[in-house]
Amino acid sequence: MFLAVVCCLLWWLHISAGHFPRACASSQSLMEKQCCPVWEGDGSPCGQRSGRGYCEGILLSNAPLGPQFPFRGVDDRESWPSVFYNRTCQCSGNFMGFNCGNCRFGFGGPNCTEKRLLVRKSIFELSVSEKEKFLAYLTLAKHTISPDFVIPIGTYGQMKNGSAPMFKDISIYDLFVWMHYYVSMDTFLGGSEIWTDIDFAHEAPGFLPWHRLFLLLWEQEIQKLTGDENFSIPYWDWRDAKDCDICTDEYMGGSHPANPNLLSPVSFFSSWQIVCSRLEEYNSRQVLCDGTPEGPILRNPGNHDKSKTPRLPSSADVEFCLSLTQYETGSMDKAANFSFRNTLEGFANPLTGIADASQSSMHNALHMYMNGTMSKVQGSANDPIFLLHHAFVDRLPLHSSPLGYLAKKAALIFMLSNQLPFQLGSTEIVQEEGCQQGTSPGLQE
């Protein structure tokens, strides 16, 4: 079982990233299937002149696919990123990034040799200035075009195998919304046919490491945007919550007085437009989300289907989940019993560990409870509560759970790739190395 989990995690993380560097969005890069941009620090591809990295062929996992996806060669995300590129920057030492221009999480300085430790705090522990800064950073990211990345608005086939690139600018915040959409979208099979039983970041072993990497990359982008190297995402401790206590105008936005499905007009986020939320439309047209605004954030916490999600998670739910001794079991999907991952994700009863698809608990319960934008997987990251929610899921103690056990045992869980955002190569633990979570009663590290 341990080896099966390792292989599965390698595969899922292998294809997890959906970044496309602006420097590699040309027909030349696509036709040559090479993404080895110049690092401006020394003017050489991958910073090779400074020993940061080299342009090399990607390494693909030989792990077999599960029975959930009985196809080959129909989805651009298969064997990521080989459909688009087969040579990328392979970074050395503490360097990472598409051109080896960034420091590995947990390190800083001009040569990435300085160890850095960040602390994620409860949002209620932030000072007034820290809270205002966090909200301002969110707004800045929402309205700043990513200088480094673009999104594809067509499949590789629609780009005529690279000869007709189809890419578009997108804001830094929406880039990550698009990534979450892309990793969980359905597969186009041609014509009007689609395959829905596919998701590279949910319902399988990759759920926790993919979302941790997502948060770390998001923090890194905000640090670069603002110059604030100490920025970290706050978390929302939702254990035993009776209602959404962050759903106020002081924090993440209260309800609109005239329409409970909308945010208060004085909220930071009432004017935000969401993207990538119309999966059925994309499927019917066999097109990718192109980042076009699709309306305001919707949220009506507590007015959800209570037969499926009767309550928010309790402290007892969390403690039982942490008592489970196996990270993954059986089919390693949402039908897995006594699986730490499946129970934490919310597809198993949080008091027995038995899979129950009729109920949404733990992580899933929060998404359903919000009863709006956050309740649909592909577009859920549009709501900034997504970040606070996943920061709390991410902070559950690793050392007392099988997740921490696997991290120590094999140095695989929560891997970082030296050549992200494309292909995984060497692996490193980032558990408490790049960002340490703050503690609270019952969740001591």
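With labels modelled as points extended 7 Å from the Cα through the Cβ direction, what inter-label distance (nm, one decimal) is found for T144 paired with E193?
4.5
With every protein chain present, what accessible area does Y54 have (1.4 Å probe, heavy atoms only), rounded to the nearest 10 Å²?
Surface accessible to solvent at Y54 totals approximately 90 Å².
Tell me whether the range 262-346 comes out rounded, prolate or oblate; compute the Cα gyration tensor, take square roots of the eigenvalues as a ≥ b ≥ c, and use a/c under 1.5 as the rounded threshold.
Verdict is oblate for the range 262-346.
If you take the square roots of the eigenvalues of the alpha-carbon gyration tensor of the range 79-170 and sort them as a ≥ b ≥ c, do you get rounded (a/c under 1.5), prolate (a/b over b/c) or oblate?
Numbers: a/c = 3.14, a/b = 1.49, b/c = 2.11.
Oblate is the answer for the range 79-170, as a/c is 1.5 or above yet b/c matches or exceeds a/b.
Let me know the charge dipole size of the range 87-145 about its Cα centre in debye, to the nearest 20, where only the beta-carbon of Lys, Arg (+1) and Asp, Glu (-1) is charged.
160
Between the range 135-161 and the range 59-95, how many Å separate their Cα centres?
Comparing the Cα centres of the range 135-161 and the range 59-95, I get a distance of 21 Å.
Charges only on Cβ, +1 for Lys and Arg, -1 for Asp and Glu: so what's the dipole of the range 120-246 about the Cα centre, in debye to the nearest 20? Provide the component values of the computation, followed by the final result.
Numbers: 11 positive and 19 negative charges, 59 e Å.
My answer is approximately 280 debye.
So how compact is the range 298-407: Cα radius of gyration and Dmax in angstrom?
Rg, Dmax (Cα atoms, Å): 13.6, 39.
With each label point set 7 Å from Cα along the Cα-Cβ vector, what nm distance links D240 and S26?
Distance between the two pseudo-spin positions: 6.0 nm.
On a full-extension model of 0.36 nm per residue, what is the gain between T325 and E125, subtracting their alpha-carbon distance, rounded to one decimal in nm?
My answer for the length gained is 68.8 nm.
Which pairs break 25 Å Cα to Cα here: K142/K334; K142/K224; K142/K168; K142/K376?
The answer is K142/K334.
Sort the following peptides by mean Cβ neighbour count (other Cβ atoms within 10 Å, averaged over residues), highest first: 198-207, 377-386, 60-69, 283-292. Could the numbers behind the result be given before it?
On the way: 198-207: 22.9, 377-386: 25.0, 60-69: 13.5, 283-292: 16.6.
Ranking the peptides 198-207, 377-386, 60-69, 283-292 by packing returns 377-386, 198-207, 283-292, 60-69.
Expressed as cubic angstrom per residue, what is the convex hull volume of the alpha carbon set of the range 276-317?
With only Cα atoms used, the range 276-317 gives 145 Å³ per residue.
Any chance you could check the Cα centroid distance between the range 308-361 and the range 205-273 for me, in angstrom?
24
Sorted by average packing, counted as other Cβ atoms within 10 angstrom per residue and highest first, what order do 233-245, 159-171 take?
Taking the mean over residues of other Cβ atoms within 10 Å, the ranking is 233-245, 159-171.
The values are calculated or read from the model by the stated rules, or taken from the named source; none is laboratory data. The structure displayed is predicted, hence computed values, not measured ones. Here Cβ is always computed from backbone atoms with ideal geometry, including for glycine, and neighbour counts include all displayed protein chains. Ligands, DNA and RNA are excluded from the accessible area calculation, which covers all protein heavy atoms including side chains. Shrake-Rupley method; radii C 1.70, N 1.55, O 1.52, S 1.80 Å.
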